[in-house]
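The values are calculated or read from the model by the stated rules, or taken from the named source; none is laboratory data. Here the structure is a predicted model, which is why all the values come from computation and not from measurement. No Cβ is skipped: glycine too gets one built from the backbone with ideal geometry, and neighbour counts run over all protein chains shown. The protein model used for the area step is the full one, side chains on, heavy atoms only, and it has no ligands, DNA or RNA in it. Shrake-Rupley method; radii C 1.70, N 1.55, O 1.52, S 1.80 Å.
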Amino acid sequence: MGFYYQSLYGLLCIVKATDDDAAVCLERLDDVEVKVNGQTLLNQLKHSLSKKPKPVTISSVSLWKTIKAWIDVLPKVSLNDTRFQLVTVAPLPAGSPLVPLLDEATSRANLLVLLADEAQRVLDEREAAATQKKPVPHGERGAACAAYLKLSEGVRQTLLSRVSIQPAASDIVQIGKDIADALKSFPPDRREAIARRLIEWWDLQVVHSFCGIRERAISMLDVQLRLSEIAGEVHRDEVLADFQFVTPPDDHAPPSLIAKQLQLVDCTKTEIRAAEREEWRARSQRHKWISERVDMAGRITLYDQRLAEAWRDKHALMVEQTETSTEAQKRSAGLDIFRWSFNDAMAQISPFAKNWSADYYVRGSYQFMSVDLRVGWHPDFEVLLKGGS
């Protein structure tokens with residue numbers, strides 16, 4: 001959980017960055033390493049799902065473990081080109097001596113003294129306990145305090161001047177929303193969907209970065225390219241119900257085969273009029289989609305195939321079951337198939353797009369296909385209507 005939090009925090013850093021050359025690398029010099037304009041920001045992350053995480057204080061184990069991690073990495077970095085940040089979901093108490101770390105411009109002079117005093121206290125208490133052959137305290141902080149005191153005063157001062165803290169950071173439950181909120185270039189109602197797909201892609205990139213399938217650092221340009229692709233995908237998936245409340249024009253002449261198909265199964269006049277209306281709506285919607293977007297013709301064809309398959313499963317079974325039935329029984333069975341297509345199919349077949357909820361497209365598409373005899377209602381509709389128009 002803690003490692004995955006690091007991954008998501010790395011993505012948050014990238015989407016909030018303002019420089020095109022920004023890049024993120026996980027678990028190299030630190031938990032999350034951010035490079036921007038030749039400068040490196042090393043982030044040490046401390047995560048917790050506790051509702052009330054223990055506040056960070058000058059004696060916190062998490063603070064001293066972080067300091068030790070940064071001391072260990074000093075030989076590998078240029079201190080003048082590197083900044084250090086402790087990111088923790090824990091709060092910072094009011095009046096804490098660590099408050100100056102909230103602002104890099106604030107003097108650290110007092111904090112330098114307090115940290116040295118705390119480190120010395122830890123070592124003194126450990127030494128005293130060892131001398132008295134008592135249990136040695138501060139086991140988790142001993143090495144860190146010793147390493148800190150071994151630094152020259154000048155290095156301590158330079159290091160601390162480049163250290164900051166980000167307390168009360170969002171935990172792993174909240175950070176996904178933070179990522180979505182940071183996508184300011186996209187409409188608010190689409191950010192969550194875009195963020196979800198971006199995170200899926202990012203997860204794989206992180207894994208590939210560790211496996212050597214891709215370079216270790218993931219750049220802002222990589223993320224921007226993927227965002228543009230996702231935005232297009234989300235846009236293609238979202239379609240509008242343009243004809244939900246539109247009625248056919250007064251001079252509309254519906255294809256005659258709609259009524260002929262329905263009359264074969266004794267549909268009422270009301271059902272026939274409704275079917276003709278929905279066919280006009282679906283056909284108008286198809287025409288609008290195809291004229292506005294080049295990808296829609298293929299999507300419409302594939303969805304027609306899905307509708308036809310669902311119809312075929314029911315119609316073929318009905319044909320078998322009515323092989324020896326009377327004509328009246330065949331008509332009644334065919335009427336059931338039509339009413340399924342009009343009243344139930346849209347709830348049983350996945351929608352044309354994720355945001356689609358209008359009924360007319362499934363209803364009307366079945367009528368649209370019935371004109372070409374790709375579907376029908378009577379068990380023998382193809383024979384009975386052969387040559388019809």
Looking at the stretch 188-208, is at least one residue touching a strand residue (DSSP E or B) at 6+ places or on another chain (Cβ under 7 Å), over 26 Å from residue 222 (Cβ atoms) and modelled with pLDDT of 95 or more?
no
Members of the stretch 355-389 found to be among the aliphatic types (A, V, I, L, M), closer than 23 Å to residue 327 by Cα and not in a loop (DSSP other than H, G, I, E, B), listed by number:
371, 383, 384
For the stretch 257-304, give me the residue count where each residue is among the hydroxyl-bearing types (Ser, Thr, Tyr) and either more than 19 Å from residue 240 (Cβ to Cβ) or open to solvent by 60 Å² or more (accessible area, probe 1.4 Å) (or both).
4
Inspect all residues belonging to the stretch 161-170 and state whether any of them is more than 23 Å from the chain's Cα centre (by Cα), outside any loop (DSSP other than H, G, I, E, B), within 27 Å of residue 69 (Cβ to Cβ) and of a type in the set (A, V, I, L, M, F, W, C).
yes
Filtering the stretch 182-211 down to residues that are exposed (fewer than 14 other Cβ atoms within 10 Å of the Cβ) and charged (D, E, K, R) yields 184, 189, 200
When residue 310 is evaluated against the numbered criteria (1) in contact with a helix residue (DSSP H, G or I) (Cβ under 6 Å, 6 or more places away or on another chain); (2) open to solvent by less than 30 Å² (accessible area, probe 1.4 Å), which criterion, by number, is the only one it fails?
(1)
Does residue 275 fit the bill of being more than 26 Å from residue 296 (Cβ to Cβ) and of a type in the set (Gly, Ala, Ser)?
no
Picked from the stretch 154-180 (must be under 23 Å from residue 102 (Cα atoms) and free of Cβ contacts under 8 Å to residues at least 40 places away in the same chain), the residue least open to solvent (accessible area, probe 1.4 Å) is 154
Checking the structure you have, find out if any residue of the stretch 329-346 is part of a loop (DSSP other than H, G, I, E, B) and either out of contact with any Pro (no Cβ under 9 Å at 6 or more places or on another chain) or modelled with pLDDT under 95 (or both).
no
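Could you tell me whether residue 214 is in a helix (DSSP H, G or I), of a type in the set (Lys, Arg) and surrounded by 14 or more Cβ atoms within 10 Å (Cβ to Cβ)?
no
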Filtering the stretch 337-379 down to residues that are of a type in the set (Gly, Ala, Ser) and touching a helix residue (DSSP H, G or I) at 6+ places or on another chain (Cβ under 8 Å), which residue is most open to solvent (accessible area, probe 1.4 Å)?
350
When residues of the stretch 81-102 are filtered for being touching a residue at least 40 places away in the same chain (Cβ under 8 Å) and out of contact with any Gly (no Cβ under 7 Å at 6 or more places or on another chain), how many remain?
15
Scan the helices (runs of 4 or more DSSP H) fully inside the stretch 248-328 and keep the ones with 3 or more residues being without any contact (Cβ under 8 Å) to a residue 60 or more places away in the chain and of a type outside the set (Asp, Glu).
269-292, 296-321
